[in-house]
Amino acid sequence: MDIAAIVVLALILVAVVYLIMLYNNLVQVKHNVSKAWANIDVLLKQRHDELPKLIETCKQYMQFEQETLQKVVDARSKVSAARESQDIRALGPAEASLRASIGSLFAVAEQYPDLKTNQTFLQLQSRISGLENAIADRREFYNESVNINNVRIEQFPDTIIAGMFSFRPAQLLEFDGAEKTDVDVKELFK
């Protein structure tokens, strides 16, 4: 075998190894998006399981606030449906609605001194607030993973491998306009 043939074979081998590395990196990025979604899903499920306990605790004290409780139940159902179907577009608005409903519930609970001192209520309130913070952190991680995935499958030469093996862009978890606006503090104290 002459040197030219060895050089050509070496170049082909390097190109094949490079393409394999690109493919494996794209697979890893794609699975990072799935893992990030699974992390959100776990937290959403935990919060989903805690909300009925909070509502039952509140019902004992808030007989005349059924509308507030019903809004939490309805919003919880919408988040659950979006989560189970992995509908990222529906999850953002459903999450905003649920957070608003929970906020209203906690605000109304301020009017019930016995409820505010109830240990179960306080534990559930703390647990749900902690889950909300964790969900926010995981949403940020998910969107970063999606962004990395989407950029990689559009960059050259990754786009060639992505097209050959049907890598698809992932959907960002976006928020509705109301969630992005500043909070009117005066309104909260009325």
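See the values below:
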{"item": "Answer label, with Rg and Dmax of the Cα atoms in Å calculated from the coordinates and candidates [x] 15.4, 43; [y] 18.3, 61; [z] 24.3, 91", "result": "[z]"}
{"item": "Taking M21, M62 and counting other C-beta atoms within 10 Å, the order from fewest to most", "result": "M21, M62"}
{"item": "Highest-MSF residue in the chain out of L54, L26, L13 [GNM, Cα springs under 10 Å]", "result": "L13"}
{"item": "Lysine pairs meeting the criterion (Cα under 19 Å, 8 or more apart or interchain), as found in the chain", "result": "9"}
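FYI, it's all coordinate maths here, none of it is from the lab. Bear in mind the structure is a predicted one, so any value in this text is a computation, not a measurement. Methodologically, a virtual Cβ is constructed for each residue, glycine included, from the backbone with ideal geometry; neighbour enumeration extends over all protein chains shown.
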